[in-house]
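Right, one structure below, let's go through it.
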Amino acid sequence: MKNTAKGKSQEQAGTVEREVVPMRLPGVAALRAGLHALVVSAGLDVLGAMLERDRDELCGPRYRHDGERSAHRAGHVRGELAMGGRRVAVRRPRVRTESGKEAPLPTWEQLASDDPLHERAVEQMLVGVSTREYARSLEEVPEEVDTRGTSRSAVSRRFVQATQARVDEALHSDLGSLALAVLMIDGLVVDEHTMLIALGIDEHGNKHVLGMHEGATENEVSCKALLANLRDRRLTTSRALLVVLDGGKALHAAVRAVYGKRALIQRCQVHKVRNVIEHLPKQDRARVRAAMWAAYGSRSVERARRLLNAQANQLEVKHPSAAASLREGLEETLTVMDLGLDGTLVRTLSTTNPIENLNGLVRRRMRNVKRWRSGKMIERWLVAALDDVRQGFRRLRGYKQMPELLVALRDHEAKINQEGKVLDSRGPIQEAA
């Protein structure tokens, strides 16, 4: 009896198991396609009903006499609205006033005023969809629905129009309301062009893409042109700020020409270590790298300075070029440490990692472009990629210590003023009379 009961319970359990296992029907794909087509058709029907309601409000109910009617029905006309990344043909009701002019329908005006296809084209390009494959990336619509706007040329035109508008905004937007504490500048090489990018960090640790400039190389002329553009857009040059650079002489000279001594320049420690070990044989690189990072990891700027100078003295005999590279600009690699800051913010601002990370994300979004036809094309793609990356910005690592940095910057500015320096808000520092 027990065995029989046990067998029945197992059989029931098996039955339950078979009931909860989903059936894999061969027509599931077709069912989904049919459901999508039903949703699209239903949506178009709802749109038609909304348009007819607008017409009823203007003309009154159909087949009902109204002596005060100021408009009348005028049939239908073919129209187009954006839907699902394409343009869809829609029969639009028409209304004419007593004077013969066509009256707008509120629902149609609202739906047709915005063109989301521009943003859809930009988004698809940035995630790696080519213009040839754009149509395949969209959800299908019923065959009876007339569509257009998914050809390679149409998508390309929309991308160009949308990104060119963004370029104009990026080069001319007003920056006067930004209270910056940190400025980072770095170059991004695309094809035969060097795109200089400026990243600003405000007093609360928020990141802002400030601008860009296209040039052949990362030279002083290009760097000055970028800074001049930021100044013309009312980015203040009359306050002290921290400028973090990779160590290039052109950037250094351009910053000094525009900001003068109000700019506290921090040379990137990562670039400094990399530059030094490139002068060394492979067997010595790990040792020197570890020694330099141990120095930069010191809590005391005096200890870091002493360790780095001692390392340079050790390299002097066998590798004088490495020693010279280490000594060159050494003090500027310790600028942030010398401000008396502590914690995460010191490590964050001692390198160009924030803007290097930004450039890496931009490269990822531009990697599928195989042929760059012009600098204008690079500008459009760069601005689109920067806008896309900017949406995921988070505050700077160590932003809670920003008040300490602001105090240090104010102290530096007070020191400059006490020395009798006067900053021309549109040029370099000049000696006071």
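A short reminder: the numbers here are calculations on the coordinates, not readings from a lab. Worth saying up front: this structure is predicted, and the values here are computed from it rather than measured. Note that we place each Cβ from the backbone using ideal geometry, even for glycine, and neighbour counts take in every protein chain shown.
Close amide H contacts of residue 90 (hydrogens built in the peptide plane, cut-off under 5 Å, sequence separation of 5 or more or a different chain): 79, 80, 81. Segment residue 161..residue 220, full-extension length gain: 18.1 nm, with 0.36 nm per residue of separation and the alpha-carbon distance subtracted.
Proximity of backbone amide H atoms, modeled 1.01 Å from N, is registered between residue 188 and 195, 196, 197 at under 5 Å, excluding neighbours fewer than 5 places apart on the same chain. The residues 293, 372, 381, 108, when put in order of fewest to most other Cβ atoms within 10 Å, stand as 293, 372, 108, 381.
In a fully extended conformation the segment linking residue 302 and residue 168 would gain 43.5 nm over its present Cα-Cα distance, using 0.36 nm per residue. Residues whose amide H lies under 5 Å from that of residue 211, counting only those 5 or more places away or on a different chain, are 198; hydrogens are built 1.01 Å from N in the peptide plane.
Residue-wise HN-Hα couplings along segment 349-356, as the Karplus relation 6.51 cos²θ - 1.76 cosθ + 1.60 with θ = phi - 60° gives them from phi, are 8, 8, 9, 8, 4, x, 7, 5 Hz; Gly and Pro carry x. Considering only alpha-carbon pairs that sit under 8 angstrom and 6 or more positions apart, the relative contact order computed for segment 178-419 is 22 percent.
Remark: segment 97-107, residue by residue, has Karplus-estimated 3J(HN,Hα) of 7, 4, 7, x, 7, 7, 9, x, 9, x, 4 Hz, where x stands for each Gly or Pro and the curve is 6.51 cos²θ - 1.76 cosθ + 1.60 at θ = phi - 60°. Note on segment 178-419: Cα-Cα pairs beyond 27 Å make up 39% of the total pair count. Ordering 194, 163 by the number of other Cβ atoms within 10 Å of each residue's own Cβ, fewest first, gives 194, 163. What the Cβ-Cβ distance of residue 253 and residue 62 gives, at R0 = 60 Å and to the nearest 0.05, is a FRET efficiency of 0.20.
So which of 282/370; 261/376; 207/272; 224/370; 224/376; 224/272 end up more than 27 Å apart by C-alpha? Pairs exceeding 27 Å: 282/370; 261/376; 224/370.
Across segment 310-362, the convex hull enclosing all Cα atoms gives 108 Å³ per residue. Classify segment 166-296: rounded, prolate or oblate, from the alpha-carbon gyration tensor (a ≥ b ≥ c, eigenvalue square roots; a/c under 1.5 rounded; otherwise prolate if a/b is larger than b/c)? Prolate, since a/c reaches 1.5 and a/b exceeds b/c.
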